[in-house]
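I have placed the structure first, in the form of structure tokens, so that the comments after it can refer back to it.
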Amino acid sequence: MERITMRQAKDYVGQTVQIGAWVTNKRSSGKIAFLQLRDGDCYFQGVVLKADVSEEVFTLCKNLQQESSVVVTGVIQEDTRSKLGYEMLVQSVELVGESHDYPITPKEHGTDFLMDHRHLWLRSKKQHAIMTVRNEIIRATYEFFNKEGFLKVDPPILTGSAPEGTTELFHTKYFDRDAFLSQSGQLYMEAGAMAFGKVFSFGPTFRAEKSKTRRHLIEFWMIEPEMAFMHQDESLEIQEQYVAFLVRNVLDNCDIALDILERDREVLEKYTQLPFPRISYDDAIELLNANGFDDITWGEDFGSPHETFIANHFDKPVFIMNYPKGIKPFYMPLAEGRDDVVVCADLIAPEGYGEIIGGSEREVDYAQLEENIKNFGLDTADLQWYLDLRKYGSVYHSGFGLGLERTVTWICGTEHIREAIPFPRLLNRIYP
Ligand code: 4AD
Ligand code: MG
């Protein structure tokens with residue numbers, strides 16, 4: 001007999017098949033039992049008629065506990081009431097693994113309880129929907145950069161340098177030397193761009209940030225494209241096309257997940273319309289001050305109320321461009337005719353989700369870069385290889401980093417970033 005998954009059901013209507021599944025719920029009366037099942041991919045119903053099955057199987061069905069695993073055998077039939085469109089008329093049930101007192105029940109649980117049971121919480125419908133969207137964003141990312149002619153380059157995770165500043169580094173021993181977990185693959189991607197033109201990376205990054213907000217993870221995944229012979233304005237066009245492509249693909253390919261998440265599709269549709277608005281840091285400060293925010297002055301970084309106001313003002317993701325050099329990393333070049341702002345942009349998502357992309361053009365002048373490295377308190381010896389890139393056929397180039405979990409949280413419209421990654425690493429949590 002053929003073993004299928006419920007996703008294949010449309011090709012098996014009227015046929016007898018087997019499906020491996022877990023019991024999420026059940027309901028039974030004297031003559032009929034309804035099993036609510038999930039096979040890891042789809043949720044579906046198994047209908048068990050007492051008259052059709054052995055006494056033993058019917059008794060088993062009546063006693064099945066939440067999250068017991070079973071192999072059900074039966075006939076696939078259409079079921080117009082379910083979103084999936086199909087159900088199984090069950091002929092027999094084999095119990096594979098028992099489950100008793102499953103801790104996560106349909107009742108409300110507190111966040112700490114759910115986080116302590118993350119290994120089981122992942123089995124719930126909403127978590128499955130979020131992981132489906134995450135998977136689609138990952139898939140669409142590869143599709144986008146492959147179609148745009150980028151080569152994937154994998155930067156190291158154990159590094160000796162600190163691209164985004166030294167305060168947030170995870171320190172580890174590297175035999176008898178020191179090493180750090182990567183905060184960003186960017187510097188290596190710049191070497192990649194000089195070797196291969198257009199490159200992107202996609203991997204885990206680590207920040208020892210003492211931030212306990214709904215936007216911060218200690219370990220998160222970042223997509224970092226880097227493009228040779230490209231100025232910042234062209235990089236912004238790639239960024240907006242990429243983000244709109246992600247939203248488009250989630251809209252087109254994650255129907256069931258968006259229903260479960262109750263995400264408003266019309267809101268998401270707006271985010272597929274280009275271009276995204278652009279505003280300079282200078283103008284953003286003016287806009288804030290003119291709208292009653294007297295707690296921020298030129299030179300300071302935005303807090304989340306500021307970002308939320310700016311993005312909601314435009315009702316779309318918005319690029320804030322050219323920040324003061326004092327609040328950005330060492331590798332960003334000064335804007336033409338200015339000695340106080342650098343050529344960079346952050347993309348701020350609306351609805352309060354904050355920064356999803358940070359990017360910039362890169363300093364290409366050897367002497368200037370060397371001076372910046374020293375001014376930022378970094379060691380030129382550690383970064384000699386990076387300086388080398390400015391010695392041999394250096395070209396203007398730009399790049400950016402998109403935070404995967406921030407993007408998942410925003411597109412799903414969920415409350416907290418901890419649900420956007422299977423096993424979140426947070427300030428006070430490394431279990432499970
Ligand atoms: O703005 P960031 O720090 O930029 C960089 O690391 C650059 N080197 C990227 C580049 O140009 N190649 O981080 C980029 C993005 C942020 O916009 C945000 O989406 C995400 O990474 N991010 C975090 N996500 C979750 N938790 C954290 N603690 C994050 N810190 C940054
Ligand atoms: Mg940033």
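The values are calculated or read from the model by the stated rules, or taken from the named source; none is laboratory data. Everything numeric in this text was worked out from a predicted model, so none of it was measured. Methodologically, a virtual Cβ is constructed for each residue, glycine included, from the backbone with ideal geometry; neighbour enumeration extends over all protein chains shown.
Within the range 358-406, take every residue that is within 16 Å of ligand 2 (Cβ to nearest atom) and of a type in the set (Phe, Trp, Tyr) and give me the one that is surrounded by the fewest Cβ atoms within 10 Å (Cβ to Cβ).
Phe376
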(message) Show me the strands (runs of 3 or more DSSP E) entirely contained within the range 170-280 in which 2 or more residues are out of contact with any strand residue (DSSP E or B) (no Cβ under 6 Å at 6 or more places or on another chain).
(response) 171-174, 177-181
(message) Tally up the residues in the range 34-61 that are out of contact with any Lys or Arg (no Cβ under 6 Å at 6 or more places or on another chain) and either more than 26 Å from Thr132 (Cα to Cα) or crowded, with 17+ Cβ neighbours inside 10 Å (or both), please.
(response) 19
(request) Return a yes/no flag: does the range 25-32 have any residue that is modelled with pLDDT under 95, small (Gly, Ala, Ser) and outside any strand (DSSP E or B). (result) yes
(message) Which numbered condition in (1) part of a loop (DSSP other than H, G, I, E, B); (2) out of contact with any Ser or Thr (no Cβ under 8 Å at 6 or more places or on another chain) is the only one that Met1 fails?
(response) (2)
(message) Looking at the range 366-389, can you tell me whether even one residue there is of a type outside the set (A, V, I, L, M, F, W, C), away from ligand 1 (no atom under 16 Å from the Cβ) and under 21 Å from Glu234 (Cβ atoms)?
(response) no
(request) Determine which member of the set Phe170, Phe196, Phe206, Phe150 is over 17 Å from Asp346 (Cα atoms), within 16 Å of ligand 2 (Cβ to nearest atom), in contact (Cβ under 8 Å) with a residue 24 or more places away in the chain and aromatic (Phe, Trp, Tyr). (result) Phe206
(request) Please enumerate the residues belonging to the range 118-140 that are out of contact with any helix residue (DSSP H, G or I) (no Cβ under 7 Å at 6 or more places or on another chain) and more than 18 Å from Asn25 (Cβ to Cβ). (result) Arg118, His119, Met131, Asn135, Ile138, Arg139
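What tally of residues in the range 242-269 results from selecting those that are under 20 Å from Ala193 (Cα atoms) and among the polar types (S, T, N, Q)? Please lay out each step first, then the result.
In the first step, residues of the range 242-269 are kept if they are under 20 Å from Ala193 (Cα atoms); the result is 242.
The next check asks that each one be among the polar types (S, T, N, Q); those that pass are none.
Qualifying residue count, the range 242-269: 0.
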(request) Would you check which residues across the range 365-421 are free of Cβ contacts under 8 Å to residues at least 24 places away in the same chain, aliphatic (A, V, I, L, M) and in contact with a helix residue (DSSP H, G or I) (Cβ under 9 Å, 6 or more places away or on another chain) and list them? (result) Leu387
(message) Looking only at strands (runs of 3 or more DSSP E) that lie completely in the range 42-158, which have at least 1 residues being modelled with pLDDT of 95 or more and aromatic (Phe, Trp, Tyr)?
(response) 43-49, 86-97
(request) State yes or no: is Ser182 modelled with pLDDT of 95 or more, more than 16 Å from ligand 2 (Cβ to nearest atom) and crowded, with 22+ Cβ neighbours inside 10 Å? (result) no
